[in-house]
1. Restricting attention to the range 122-132, and to residues there that are surrounded by fewer than 23 Cβ atoms within 10 Å (Cβ to Cβ) and hydrophobic (A, V, I, L, M, F, W, C), which single residue is farthest from Gly162 (Cα to Cα)?
2. Which of the residues belonging to the range 194-212 are buried (at least 17 other Cβ atoms within 10 Å of the Cβ) and under 29 Å from Ser271 (Cβ atoms)?
3. Within the group Gly272, Gly248, which residue is out of contact with any Lys or Arg (no Cβ under 6 Å at 6 or more places or on another chain) and modelled with pLDDT of 95 or more?
4. Just the residues that are part of a loop (DSSP other than H, G, I, E, B), open to solvent by less than 20 Å² (accessible area, probe 1.4 Å) and within 26 Å of Arg340 (Cβ to Cβ), please, taken from the range 50-89.
5. Hey, among the residues in the range 165-188 that are more than 16 Å from Leu130 (Cβ to Cβ) and hydrophobic (A, V, I, L, M, F, W, C), which one's nearest to the chain's Cα centre (by Cα)?
6. For Gly94, state whether it is in a loop (DSSP other than H, G, I, E, B), closer than 22 Å to Ala317 by Cα, at pLDDT below 95 and in contact with a Lys or Arg (Cβ under 8 Å, 6 or more places away or on another chain).
7. Would you mind telling me which numbered condition in (1) open to solvent by less than 80 Å² (accessible area, probe 1.4 Å); (2) not hydrophobic (A, V, I, L, M, F, W, C); (3) not in a strand (DSSP E or B) Tyr191 fails?
8. Looking only at the range 247-286, count how many residues are acidic (Asp, Glu) and open to solvent by 40 Å² or more (accessible area, probe 1.4 Å).
Amino acid sequence: MKVLAVLYKAGSHAKDEPRMYGCLENELGLREFLESKGHTLVVTDDKEGENSTLDKEIVDAEIVITTPFHPGYITRERIAKAKKLKLCVTAGVGSDHIDLTAANERKIIVAEVTGSNVVSVAEHVVMTILDLVRNFVPAHEQIISGGWDVAAVAKNSFDVEGKVIATIGSGRIGQRVLKRLVPFDPKELLYYDYQALPKEVEEELHCRRVESLEELVAQADIVTVNCPLHESTKGLVNKDLLAKFKPGAWLVNTARGAICVKEDVAAALKSGQLRGYGGDVWFPQPAPGSHPWRDMRNPYGGGNAMTPHISGTSIDAQVRYAEGTKSIIATYLSGSTDYRPQDLIVIDGNYATRAYGNDKKVKA
């Protein structure tokens, strides 16, 4: 059978670090494993348009592998012409680039390597919070350009200690973010989610649930987005919600770019309603050069801590999601249904998780 993988091109960087499994050249370490069993592996980074390699090769592929970092969008149209498609694997976490409704209709299994990136993303969130609150980027740019003006940077630099910090979403990543923020001695840690954490977890993380999203952002100095993208969260952070933020708050998003309305975020930063915005997720990806998040600034000329989508693809994370991808495929090839339950998104025409909306009916 054919396995099709859509990965990003790394060029010479793939030789510099052979453990960079998530790239086109290193192929998630799957080629020998698959070819030794008589299967064909096709790897490409060409994913845009009806004449793309993705569109041509998906027609007779039985397994498609994609990543959140260079997503091949597996649309209803692509699923319709992929007559042999039985399994979609996300090498990483986050399968919102797959039309899950269409996958369910065709009884295609969708799985991802749950947990492979949680530490990596949580660390990136904390790093970005520090970058923004301490006004690191303008300070660094000043040094690179040969300048030295302490006052220009210090006037917009603060401490994390004593701040109210809130997470939208308190799943695996949200909880780890809160845990890593406890030693900074914040004034309070808040979370918003459709269900409360167990009391013992709240006590361990020193956090409090706020049932209204509007109340959450109105109380917080720093807000971090750690929820999946689905129908209910697309465009969640828009001009109406941003107007309810504390003036001069910082916002970090390492979840999905489409959760935030790009023009509204850029406008809020320009006006000073947001003091800073940072993260590594965009829509679409790769982001076009004209994307407003590339060069947006606050009134002081800073407040932008954006990176390409790298939070969940550290080398350590790549080792984990490459191993997880191989395990999922090995289970499928064996004819077994003994997948790790937490890896399953849809199976047998049903949702296996509410991660893609608490309105989803999950098969018991």
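The values are calculated or read from the model by the stated rules, or taken from the named source; none is laboratory data. Given the structure is predicted, the values throughout are model-derived calculations rather than measurements. Neighbour counts are summed over all protein chains in view; Cβ atoms, including those assigned to glycine, are modelled from backbone coordinates with ideal geometry. Ligands, DNA and RNA are stripped out before the accessible areas are found, and what is left, the full protein with its side chains, is counted by its heavy atoms. Shrake-Rupley method; radii C 1.70, N 1.55, O 1.52, S 1.80 Å.
1. Met127
2. The answer is Val210, and nothing else.
3. On inspection, the qualifying residue turns out to be Gly272.
4. Ala61, Thr67, Pro68, Pro71, Gly72, Ala82, Leu85
5. Residue satisfying both the conditions and the ranking: Ile173.
6. Yes, satisfied.
7. Result: Tyr191 fails condition (3) only.
8. Adding up the residues that qualify gives 1.
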